[in-house]
Every structure is written in structure tokens, then in C-alpha cells.
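Participant: The following block contains the structure, expressed as C-alpha cells.
The values are calculated or read from the model by the stated rules, or taken from the named source; none is laboratory data. Since this is a predicted model, take the numbers as computed values, not measurements. Reconstructed Cβ throughout: ideal geometry from the backbone, glycine too, with neighbour counts over all protein chains shown. Calculation scope for accessible area: heavy atoms of the full protein, side chains included, ligands and nucleic acids excluded. Shrake-Rupley method; radii C 1.70, N 1.55, O 1.52, S 1.80 Å.
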Amino acid sequence: MSVLAPNSQIFYRFSHPKDQFPQKWSNGWCLFLVKNSGFGLKDQKNGIDGRNLKKREIMAHAAWPDLSRPTTVEMESIKDCDQLDQILQQAKDNSQPVIIDWMANWCRKCIYLKPKLEKMAAEYDTKVKFYYVDVNNVPQALVKRGNISKMPTIQLWLDGEMKAEVIGGHKAWLVLEEVKDMIQQFI
């Protein structure tokens, strides 16, 4: 049996005997296609078979991901003070906030947060630019300019000045929520 899901990334293929159905569905309803018997609907929660449903009780819904927008945007690396100055000047000219993730390649939380920040960068693709600085591979003058005290530190820069920062010493989802709140405050 093949199952169609509302998200193109969720497509499963099950092998079940003719009259057996998969037992777990997120909302209780499933649309299934069986080679022998066509298609049908089944309400797993209430045990209602699709043959007993009236036409007005059946509703199909599909949601496909927006493929025109990226799901992740790779953050660019900042290597020295001159590059940071150029990025901040360009952002100032465009009146655009900049998020800088100060990280280290040995820091587990930093490594864990980076892909999540790249997903967030895709959400704010045109509104906010995301960058990262690996503090072990840049001059010490750049690290001092960031004025960081702990890893990871995520800073929001606007008009060439640091306006807010989140020090990521706690759970990643809390850090991401704080970063979203910080962004919403300044855009």
C-alpha cells in the first residue's frame, strides 16, 4: 500500500495484507491507495470506514513546501576586522540588521546551533544577514571587538553597533527563541 501525505517530504511505502491498515496517524485520518481495491479513507480514531462517509464529510487537504525559498542559507564566515567593517557598513547602507554567531569549532553547543541558525537565516532571508566567526581561526583583535565572554554568543548588529546579544549557555530551543525575539524587536 502507498500512502500520500500532505508534505512531499513525508512519503511512506508500507507493505500490509489486503485488509490491514497502518495503526498510527498524526491526526487520525489517512488516505490510502491499494493496488487491488483503489483508494479510500479511514478514520483510525473513531473506526469509521470511508465507505460509510457521506460526500460532504470528506475533505482533502494538501500542503506542499514552498520550493521557491531555500530551507537553509549557509552563513558566511568573517575572517578579519576589515571584512567585519565592510559587512557592517553594507548593512548600515541597506538599513539591515546583521546576526553574528561567535563560535568555536570545539564547542558542542556552537556546532549544534549553527545548522539551526542557518534554517533561521532562510526564514529571514531578505530581512537579516547571518554570519559566523570561528574565534580560533581569526585574529585576536576581531575577537576583542566582539567583546564576547562565553561560547556561543549571538549578537545583533544594527547601524554599525551591537544592539543585543544572546549568550547560548542553555538549551538550543531557548537560544533560538531568544534570537527570534531579538530579531523581531529590531526589524
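Participant: Among what's in the range 154-187 and is in contact (Cβ under 8 Å) with a residue 24 or more places away in the chain and β-branched (V, I, T), pick the residue that is farthest from N94 (Cα to Cα).
Facilitator: For the range 154-187, the residue satisfying everything is V175.
Participant: Would you be able to tell me the number of residues in the range 113-167 that are in a loop (DSSP other than H, G, I, E, B), within 30 Å of L67 (Cβ to Cβ) and of a type in the set (V, I, T)?
Facilitator: Final tally of qualifying residues: 2.
Participant: Tell me, which residue of the range 161-172 that is modelled with pLDDT under 90 and of a type outside the set (K, R) is most open to solvent (accessible area, probe 1.4 Å)?
Facilitator: Pass one, the range 161-172, residues modelled with pLDDT under 90: 168-172.
Restricting the remaining residues to those that are of a type outside the set (K, R) gives 168-170, 172.
On the way: G168: 1, G169: 35, H170: 67, A172: 19 Å².
Across the range 161-172, the extreme among qualifying residues is H170.
Participant: Something else now. Suppose we filter Q90, Q96, Q83 for residues that are polar (S, T, N, Q), open to solvent by less than 90 Å² (accessible area, probe 1.4 Å), without any contact (Cβ under 8 Å) to a residue 12 or more places away in the chain and not in a strand (DSSP E or B); which single one remains?
Facilitator: On the way: Q90 fails: open to solvent by less than 90 Å² (accessible area, probe 1.4 Å); Q96 fails: without any contact (Cβ under 8 Å) to a residue 12 or more places away in the chain.
Criteria check complete, one pass: Q83.
Participant: Could you grab me the full set of residues in the range 116-134 that are of a type outside the set (D, E, K, R), at pLDDT 95 or above and open to solvent by 10 Å² or more (accessible area, probe 1.4 Å)?
Facilitator: If the condition is that a residue be of a type outside the set (D, E, K, R), at pLDDT 95 or above and open to solvent by 10 Å² or more (accessible area, probe 1.4 Å), then F130, Y131, Y132 are the ones that fit.
Participant: Any residue at all in the range 73-80 that's crowded, with 18+ Cβ neighbours inside 10 Å, of a type in the set (V, I, T), at pLDDT 95 or above and not in a loop (DSSP other than H, G, I, E, B)?
Facilitator: No; the residues of the range 73-80 include none that is crowded, with 18+ Cβ neighbours inside 10 Å, of a type in the set (V, I, T), at pLDDT 95 or above and not in a loop (DSSP other than H, G, I, E, B).
Participant: Another question, if that's okay. Going through the range 135-150 one residue at a time, which ones are surrounded by 18 or more Cβ atoms within 10 Å (Cβ to Cβ) and in contact (Cβ under 8 Å) with a residue 40 or more places away in the chain?
Facilitator: Passing the criteria: V138, L142, G146, I148.
Participant: Tally the residues that are among the aliphatic types (A, V, I, L, M) and either under 12 Å from L176 (Cβ atoms) or in contact with a Lys or Arg (Cβ under 6 Å, 6 or more places away or on another chain) (or both), restricting the search to the range 94-120.
Facilitator: Selection size over the range 94-120: 5.
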